[in-house]
Amino acid sequence: MVGVLNDSDSDDELPPGWEERATIDGNVYYVNHFTKGTQWTHPRTGRKKLVEGELPTGWERCISNDGKVLFVDHNHQTTTYTDPRLAFATEFREMSQPVRQRFDGSSTALAVLHGRDLRGKVALVTGANVGIGYETARSLALHGCKVVLACRDLEKAQEAAREIERERENISCDVLHLDLCSLRHVQMAADSFKQKYKSLHMLILNAGVFAVPYSLTEDGYETTFQVNHLAQFFFTLLLKEPLHHCESSRVTILSSESHRFSFLTSPNDIEPLNLSPPEYKYWQMAAYNNSKLCNILFAQELARQWPTVSVFSCHPGNMVSSSLPRQSWLYRFIFALVRPFTKSLQQAASTTVYCATASELEGATGLYFNNCFRCESTRQSMDPELAQKLWIVSQEMLKLANFHIDDK
């Protein structure tokens with residue numbers, strides 16, 4: 001996690017032989033001309049910096065013939081390799097090590113929430129009747145949060161809600177019928193929620209499918225893509241009003257380390273025929289990996305477009321014993337074999353709950369977490385061009401299915 005610092009910059013002067021530079025995407029790095037080495041953190045303060053916003057008036061960024069980035073000051077007819085925005089860079093610092101020691105891969109969701117009072121908060125968890133989603137909803141509810149279980153099977157959702165409510169007095173759960181295979185049902189579910197609730201403090205996009213045989217939804221899109229990304233993209237945008245009604249709301253999107261194996265590597269790959277392929281181009285794992293990359297790209301662009309909402313994506317754990325592989329006997333067998341070596345459902349829910357509630361994440365956004373700690377996702381998952389292209393193509397696919405989102 002990164003957090004904005006308010007410390008004085010009196011110790012910010014670079015030691016002799018050091019130079020401050022910025023990458024094209026705005027990350028500041030430091031060059032040691034004595035050792036010829038580079039690093040991301042300031043050599044004195046240990047802080048990180050980012051440069052953001054437009055170039056000052058009269059400046060232009062150009063690429064030289066040898067591929068280097070140049071900054072041209074047209075007002076003074078000068079050229080430099082130094083980004084002029086470095087003078088206004090925002091300082092960041094990695095969270096201290098004790099946070100990693102406090103919560104890690106062995107932590108449970110209930111441990112993350114120990115001592116927290118979530119009364120007055122409303123959380124909506126998709127796919128909450130079983131598995132990680134159920135433990136997420138249960139953990140939040142046991143700490144006073146009003147939890148809405150949004151599920152395809154309404155009867156199973158109601159039974160899950162009753163199980164949670166039986167554990168302790170004064171627990172209140174609600175259910176919402178949400179079928180992600182139908183964009184029409186997604187719209188109905190969002191309308192139903194907004195009729196009942198004005199505010200939504202936590203939206204947790206947990207639902208997903210894995211290794212499903214090729215099929216199309218009623219909207220004509222490949223099932224894995226629609227369930228894991230498109231429908232929840234649509235659902236989130238429909239819930240913009242209640243999310244923005246809160247002073248500090250959060251969206252947590254469950255992705256997976258499988259995103260590292262996606263073949264969507266450039267903006268040209270973000271096309272409907274790649275996202276929702278025909279049957280002859282369909283492979284179960286490729287569809288899943290691509291959808292998990294879409295989750296992180298969506299989180300990145302949502303964080304940019306909704307700056308007042310904190311948006312996080314996370315990996316719950318590897319091959320956690322849940323209902324996820326239910327569509328494939330082979331993967332059910334593999335998941336069963338590795339079960340003794342993987343996280344429990346309570347442990348798998350911990351990172352989700354951490355992203356949704358941790359006070360130290362206040363004001364942060366656009367980060368990817370694993371084991372309750374920020375980690376680096378792939379380069380393409382952080383590519384703003386890919387994220388923006390996915391957003392545009394997702395909106396176009398909604399329009400093709402006769403659904404429209406007003407971004408204003």
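The values are calculated or read from the model by the stated rules, or taken from the named source; none is laboratory data. This is a predicted model, so every value here is computed, not measured. Here Cβ is always computed from backbone atoms with ideal geometry, including for glycine, and neighbour counts include all displayed protein chains. Quick note on the areas: whole protein, heavy atoms, side chains included, nothing else; ligands and nucleic acids left out. Shrake-Rupley method; radii C 1.70, N 1.55, O 1.52, S 1.80 Å.
Here the translational diffusion coefficient of the range 121-232 follows from Stokes-Einstein with Rh set to the Kirkwood radius across Cα pairs; for 25 °C and 0.890 mPa s it amounts to 172 µm²/s. For the range 176-273, the Kirkwood estimate of the hydrodynamic radius, built from every pair of different alpha carbons, is 14.9 Å. Which shape class applies to the range 225-297: rounded if a/c is under 1.5, otherwise prolate when a/b exceeds b/c and oblate if not, where a ≥ b ≥ c are the square roots of the Cα gyration tensor eigenvalues? Since a/c reaches 1.5 and a/b is larger than b/c, the shape of the range 225-297 is classed as prolate. Across all directions, the average projected area of the convex hull around the alpha carbons of the range 155-216 is 6.0 nm². Each peptide in 383-394, 344-355, 71-82, 213-224 gets a packing score, the mean of other Cβ atoms within 10 Å over its residues, and the list from highest to lowest is 344-355, 383-394, 213-224, 71-82. Tell me, in nm to one decimal, what length is gained between residue 34 and residue 268 on full extension, where the rule is 0.36 nm per residue of separation less the Cα-Cα distance? Stretched fully, the residue 34-residue 268 segment lengthens by 80.1 nm. Share of carbon and sulfur in the accessible area of the range 191-234 stands at 48%, probe radius 1.4 Å.
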